[in-house]
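The values are calculated or read from the model by the stated rules, or taken from the named source; none is laboratory data. Just so it is clear, the model here is predicted, and its values are computed rather than measured. All Cβ positions, glycine included, derive from the backbone under ideal geometry; neighbour counts span all protein chains shown. Only protein heavy atoms, including side chains, enter the accessible area calculation; ligands, DNA and RNA are left aside. Shrake-Rupley method; radii C 1.70, N 1.55, O 1.52, S 1.80 Å.
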Amino acid sequence: MLEINNLSIRVNNKYIIKDLSLTLNKKDKLAVIGEEGNGKSTFLKAILGIADFAEVEGTINIKGNRIGYLEQALTEEGLEKTGYEYLFMDDADYYNKINSFYKYLDRLNLKDDLLNRKLKTLSGGEKVKIRIVKLLLEEYDILLLDEPTNDLDIETLEWLETFINKLEQPVIYVSHDETLLSHTANMILHIE
């Protein structure tokens, strides 16, 4: 579902990745690990084609798949939206996704009245949960998760582990959570 051939990424004339080739198939879970500042997020952005600050060479073939991306943090614009505004474009979008929406809220133990508040007023864990709901509602073919465990409580961490394991589509995620890594990853990319 995703093929990377001879990928090299340089930032400020320093290689973060050199000549990386890998194939990510259905149900693969690739964990990207390494020290802070070693280029884990840059790797995800290179796959998305949004690493404008880096020199990226090689081939990234997503084979027509739609990629969902969970960034480490919301934009200022995103923080000003209510949960409903963030999740849905309009009322028709809401009604098309209502069944899945309430199923995901229940799974993540989120109350729908929370979504009337601006995202900037929510806790870090609540923001992550809402962002995960958005990814789920969009039904992407491949998921890229940049440190999804930040600010999550134990119950939601356990849910995230089960969620990743049950995914049919491939997922690439950055995490420092050793339990999550050992329970979910079938591939590890260590950037150092």
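For the stretch 11-160, the spread of Cα coordinates along the three principal axes comes to 48, 30, 30 Å, biggest extent given first.
Per residue, the accessible area of the chain comes to 53 Å², computed with a 1.4 Å probe over protein heavy atoms only.
Counted over all Cα-Cα pairs of the stretch 20-82, pairs farther apart than 16 Å make up 59 percent.
For the chain, with all protein chains in place and a probe radius of 1.4 Å, 43% of the accessible heavy-atom surface sits on carbon or sulfur. Our analysis of the stretch 152-192 gives Rg over Rh at 0.95, with the two radii drawn from alpha carbon positions and Rh computed by the Kirkwood formula. Note: the stretch 47-98, Cα convex hull, 124 Å³ per residue. For the chain, the longest principal axis of the alpha carbon atoms and the long axis of helix 124-138 meet at an angle near 80°. Averaging 1/r over each pair of different alpha-carbon atoms in the stretch 108-192 and inverting the result gives 13.9 Å, the Kirkwood hydrodynamic radius.
Only helical runs count toward this figure. For the chain, summing -39,500 (n - 2.57) over DSSP H runs of n ≥ 4 and dividing by all residues gives -10500 deg cm²/dmol at 222 nm.
Between the residues Thr149, Ile132, Ile188, the greatest Cα displacement towards the positive end of the dipole of the stretch 90-192, with unit charges on the Cβ of Lys, Arg, Asp and Glu, is found for Ile132.
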